[in-house]
Amino acid sequence: MIFPAWLKDLFVPGGKNNYRARILHPSFLSGFIFLFLLSQTLISFIALLRPGVLGYSSDITPERVIQLTNDERIRRGLKPLKNDASLNEAALRKAGDMFAFDYWAHQSPSGREPWSFLKEVGYDYRVAGENLARDFYDADSAVEMWMKSQTHRENILNPKFSEIGISVVDGTLGGISTTLIVQLFGTKAGSSIYAEASEPGQEPVFTVPIETEEPVFDQSEGVSLAALAEGERLPINPLYLTKLLGVFLFGLVVVALLIDGYFVFKKKIYRSTGRTTSHAIFLAVMFFLILLSGSQGLVN
């Protein structure tokens, strides 16, 4: 297989690159660090201009989520849901469990099912349901996306539910700063409201959306600069993209070092000076920056 001359110059030591892979020259290493820092700066700049664009800072309140949920129900002739303190506590514990065990799902890796949090706080339900959301900057967009998903929508508009509980918690999930929303629905056992919409003697029911657990975004047109200027939220957390860029650059240098070392050994290339220290410093700096990019976030 014949590789282009420029590609060989980047990875294979030879006369054109002073017998060291071009990608390992100090100018390239400095350029990689500059590129990574530039991506971080651009994110900070966008966040400063439009704090709602990035989706990892939040001004969401439980009260607003409940209001918007009830607006959707009232618009369709359904009774509004009452805020229940026990459901709020169960939702808070579910969010804490997701952060503690670092997962994004209805069932915990520890084996806990969603309804276990209701039982834990003493909420004796006849029917219950759960919706989850993450990375939204405001409650309006979260509820809007729930309504665009059939299964989440069915929970919001379920006539068998009479009460609601909400938790909105900021934290780090999968190395990314985010905001989790846990929305729990329920009707207590023996409630007269439940008797209107169900048959007596039926077993308790807990529903969770099975179509999707994450917000669904319309990818048909992508996100334009004009949309960003209007405050539209990016469908992918930009911190994840910059972290991915850092991992890519880190891996690229590691691969280049391995290829360079292979050819030096195979061709018995003698180099009077080496740059092992500079390469080690670069890898250490990039590793530190990658870790830092995964833990930083914005506070509103």
TODO: Determine the sum of side-chain charges near A5: Lys and Arg each +1, Asp and Glu each -1, restricted to other residues whose C-beta is under 15 angstrom from that of A5.
DONE: +2
Open item on the list: Suppose each label sits 7 Å from its Cα in the direction of the beta carbon; what would the T151-S27 distance come out to in nanometres?
Closed with: 5.5
- [ ] Set Lys and Arg Cβ to +1 and Asp and Glu Cβ to -1, take the dipole of the range 144-194 about its Cα centre, and tell me which of G165, S149, G190 lies farthest positive.
- [x] G190
Task: Packing rank of 115-128, 24-37, where each peptide gets the mean count of other beta carbons within 10 Å, highest leading - done: 115-128, 24-37
Open item on the list: Using the basic label-point model (7 angstrom from Cα toward the beta carbon), what is the R76 to F248 distance in nanometres?
Closed with: 4.1
Task: Placed amide H near D135: partners under 5 Å, 5+ positions off or other chain - done: T179
Task: Length gained when the stretch Y19-K268 is fully extended (0.36 nm per residue, less Cα-Cα span) - done: 88.5 nm
Open item on the list: On a 29 Å Cα-Cα criterion, which of the cross-link pairs K119/K243; K119/K160; K16/K266 come out too long?
Closed with: K119/K243
TODO: Figure the gain on full extension for Y103 and A5 (residue separation times 0.36 nm, minus the Cα-Cα span) and round it to one decimal in nm.
DONE: 30.7 nm
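Readers should treat all values here as calculations from the given coordinates under stated rules, not as data from a laboratory. Predicted, not measured: the structure shown is a model, and the values here were computed from it. For neighbour counting, all protein chains shown are included, and Cβ atoms are generated from backbone atoms with ideal geometry for every residue, glycine included.
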